[in-house]
């Protein structure tokens with residue numbers, strides 16, 4: 001037997017092993033240099049490095065197995081006794097041709113495509129972060145790429161395993177009926193998720209009020225979103241509610257908003273002193289913005305009090321509205337106590353229709 005039949009497969013295998021070891025050693029080094037050049041955090045590259053090494057390992061295994069088939073004795077043995085068993089169809093119909101080999105090939109294809117998708121997502125995230133376009137943009141692109149890639153991976157895997165479109169068409173028809181009757185809410189939430197991601201009416205980090213719930217949007221998924229309240233309670237909200245229901249987004253365009261602090265004082269109070277005190281409280285509160293300037297308004301003559309309102313501007317990204325109102329109320333109460341400004345109790349005059357007579361026993 002000619003030595004060429006041994007030399008070439010051995011040489012190819014040696015080159016493959018050397019290339020594998022070389023790439024495995026220098027991938028972390030190259031990524032570290034890129035990270036230092038872009039001045040980005042290590043955590044953004046750790047997942048990318050792991051995915052690249054896993055992809056390299058799987059690729060080496062597949063290529064090495066194919067090279068082993070070129071060895072004279074080993075290749076003949078595998079092709080004569082082992083591979084026919086794997087190639088024999090478990091299911092052989094017009095729509096499905098399934099064998100052990102196609103199943104293994106399908107799983108390997110699925111895993112490789114999943115790793116490639118993960119690498120692409122990380123590269124996009126690093127690029128967007130480097131361009132300083134914001135975490136919300138990176139999150140939106142990541143979710144869209146992930147779910148679009150999942151559909152493609154699913155179809156390619158089925159095709160690799162030997163499942164043709166003739167089987168997928170009835171499944172799609174049954175799925176359509178299911179959507180019409182049973183899972184229309186789920187599909188509605190999925191579509192609403194894409195609408196939110198594209199329109200950006202609600203983004204990560206926004207402070208919103210939805211019904212009786214006030215909190216910060218910490219996650220926007222493709223089906224549900226997460227609202228974290230001031231009590232650190234996570235509320236899972238279906239995306240359809242964010243699209244169809246009315247909500248208040250306190251930081252949609254500009255996080256600077258004006259809040260109203262109502263307060264009532266006694267009729268015996270000096271209204272000029274009340275106005276001056278309210279403005280002093282606003283000026284002495286750290287989170288209250290100087291521009292636009294605070295205002296103190298005399299609202300009305302109430303049944304038991306003179307009603308004022310302090311209007312101040314705050315940045316909801318720095319302090320939530322309930323906490324800001326609470327702190328201002330504390331400061332107003334202390335300032336009024338210092339200047340002897342009375343906050344009255346509700347007063348009612350009671351008139352007796354008949355003459356009041358007190359009889360002594």
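The values are calculated or read from the model by the stated rules, or taken from the named source; none is laboratory data. What you see is a predicted model, and the numbers here were worked out from it, not measured in a lab. No Cβ is skipped: glycine too gets one built from the backbone with ideal geometry, and neighbour counts run over all protein chains shown.
When we screen 46, 51 for residues that are at pLDDT 65 or above and crowded, with 16+ Cβ neighbours inside 10 Å, the only hit is 51.
Here's the yes/no breakdown for (1) surrounded by fewer than 13 Cβ atoms within 10 Å (Cβ to Cβ); (2) within 37 Å of the chain's Cα centre (by Cα):
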position	(1), (2)
244	yes, yes
253	yes, yes
257	no, yes
261	no, yes
264	no, no
275	no, no
281	no, no
296	no, no
302	no, no
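Of note, residue 320 satisfies the criterion of being farther than 17 Å from residue 335 by Cβ, touching a residue at least 60 places away in the same chain (Cβ under 8 Å) and in contact with a strand residue (DSSP E or B) (Cβ under 8 Å, 6 or more places away or on another chain). Looking across the stretch 283-294, the residues that are surrounded by 13 or more Cβ atoms within 10 Å (Cβ to Cβ) and in contact with a helix residue (DSSP H, G or I) (Cβ under 8 Å, 6 or more places away or on another chain) come down to 285, 287, 288, 294.
Residue 208 - would you say it is in contact with a helix residue (DSSP H, G or I) (Cβ under 9 Å, 6 or more places away or on another chain), in a helix (DSSP H, G or I) and without any contact (Cβ under 8 Å) to a residue 60 or more places away in the chain? So residue 208 does not fit the description; no.
From the list 141, 137, which one is closer than 25 Å to residue 187 by Cα, assigned by TED's automatic domain parsing to the domain that holds residue 14, under 34 Å from the mean Cα position of the chain (by Cα) and at pLDDT below 65? Even if it seems obvious, please write down each step before you answer.
Working: 141 fails: at pLDDT below 65.
Criteria check complete, one pass: 137.
Hey, any hits in the stretch 219-237 for a residue that's modelled with pLDDT under 85, surrounded by 15 or more Cβ atoms within 10 Å (Cβ to Cβ) and under 17 Å from residue 313 (Cα atoms)? Within the stretch 219-237, not a single residue is modelled with pLDDT under 85, surrounded by 15 or more Cβ atoms within 10 Å (Cβ to Cβ) and under 17 Å from residue 313 (Cα atoms).
Residues in the stretch 309-324 that are in a helix (DSSP H, G or I) and surrounded by 15 or more Cβ atoms within 10 Å (Cβ to Cβ): 321, 324.
Any residue that is modelled with pLDDT of 90 or more and either closer than 21 Å to residue 195 by Cβ or part of a strand (DSSP E or B) (or both) - is there at least one of those in the stretch 241-250?
Narrowing the stretch 241-250 to residues modelled with pLDDT of 90 or more: none.
Checked the stretch 241-250: no residue is modelled with pLDDT of 90 or more and either closer than 21 Å to residue 195 by Cβ or part of a strand (DSSP E or B) (or both).
Regarding the stretch 238-256, can at least one residue be identified that is more than 30 Å from residue 190 (Cβ to Cβ) and out of contact with any helix residue (DSSP H, G or I) (no Cβ under 7 Å at 6 or more places or on another chain)?
We begin by selecting, within the stretch 238-256, every residue more than 30 Å from residue 190 (Cβ to Cβ); these are 254, 256.
Cutting the leftovers down to out of contact with any helix residue (DSSP H, G or I) (no Cβ under 7 Å at 6 or more places or on another chain) gives us 254, 256.
Yes, because at least one residue in the stretch 238-256 is more than 30 Å from residue 190 (Cβ to Cβ) and out of contact with any helix residue (DSSP H, G or I) (no Cβ under 7 Å at 6 or more places or on another chain).
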